[in-house]
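These notes concern the structure reproduced below.
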Amino acid sequence: MGLYRRPDSSIWWVSYTKGGKQVRESTFTSDKEEAKLRLAEAVAGLKRPGKATVGKLLDGVLNDYRLNGYNIKFANDKIEGHLRPWFGDRLAESLTKQDIQDFVNTKSQGKKHLSNASINRCLALLKRAFNLAEIPHPTITMLKEAAPRKGFIEQEAFDAILQRLPKHQRAPILFAYESGARIMEVLNLTWRQVDMRENVVRLDPGATKNDEARVIPCTERMMKYFKDLPRVNEYCFTYKGRHLRSVRTGWMMVVGDRYLVHDLRRSGVRNLIRAGVPERVAMQISGHKTRSVFDRYNIVSEGDLRKAMESLETYQQKLGRMNTRIITPETVPEPADSFGHNK
């Protein structure tokens, strides 16, 4: 009889005898004192420790995100907005595959339906909740997600768009295009983050999606925009004296559905690579942590492919000049000749 923890787990389990049989059960807690109380209750009353709800397990996920420095806002939005209202009061061990399927079916329909990608993020959090508590769960099948969008904006098209945008939106749009930064990172820039002497922007850990600080060097063009911006409050980008929180309205008026605002980020990454910036440095500037996502943003256009073939053609022509004998379809020898045999 006693408490124990499994390898690589912080959850306490109880072991006791009931009716001559050995019983081992999870206490659903990493608090040893609370686990002792549950063990005492189980032994004294010869009953199982209290059952955990899915809501309790979801609390464990949020705590895990806090302890490990993960993106707590992402987890909180999915849990509080979708998972807890649907599963919160259910006993964890009573959850069935049909319950999960009902959740998926409902969330994928209606005016406020979620994309398959968003539903998958919810399911991943639900699965993690059960795994952290070491409670068996029904098989959770992920949905097929749409292929990542591959939109980008060439420099000539971007310059035309920039000139047509409302004046107060040009600076943030230019910064997003040149740096590959996320649009909310851009719009939330404050003046203390802009180093006019070193021509860089310093993003604080709390201001980025992955909570890591970044230093973004700025072009002379961008620094001129910064110098011309009015300083009416702590934020760099404002409209009528107030913090500019969105560029959607002006963007849609000028661009429509030809490009997404997020295409600025894809284009920024692609342009950095085209300019010869090492990939590791480009990832640091744009804030990409994983290579797989970065590779999706480093987009190859039809123009890139044409340039590749032009390079190949130039290389072939160079080889042709180096050879005294130019090989054409008419000068290719017969198979017998090539092996030194007589006809």
**OP:** Can you put 32, 240 in order of Cβ neighbours within 10 angstrom, beginning with the fewest?
**Re:** 240, 32
**OP:** Mind ranking 184-195, 119-130 by how tightly packed they are, going by the mean number of other C-beta atoms within 10 angstrom, highest first?
**Re:** 119-130, 184-195
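How large is the convex hull of the Cα atoms of segment 145-254 per residue, expressed in Å³ as a whole number?
So the per-residue hull volume is 127 Å³.
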Original post:
Using modelled backbone amide H atoms (1.01 Å from N, in-plane), which distant-in-sequence or interchain residues come within less than 5 Å of residue 180's amide H?
Top reply: 268
**OP:** Please arrange 236, 218 by counting, for each residue, the other beta carbons lying within 10 Å of its beta carbon, fewest first.
**Re:** 218, 236
Original post:
Ranked from highest to lowest mean number of other Cβ atoms within 10 Å per residue, what is the order of the peptides 167-179, 82-94?
Top reply: 167-179, 82-94
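We did not get these values from a lab; they are worked out from the coordinates using the rules stated. Bear in mind that the values here come from a model prediction, so they are computed numbers and not experimental data. So basically every Cβ, Gly included, is an ideal-geometry build from the backbone, and we count neighbours across all protein chains shown.
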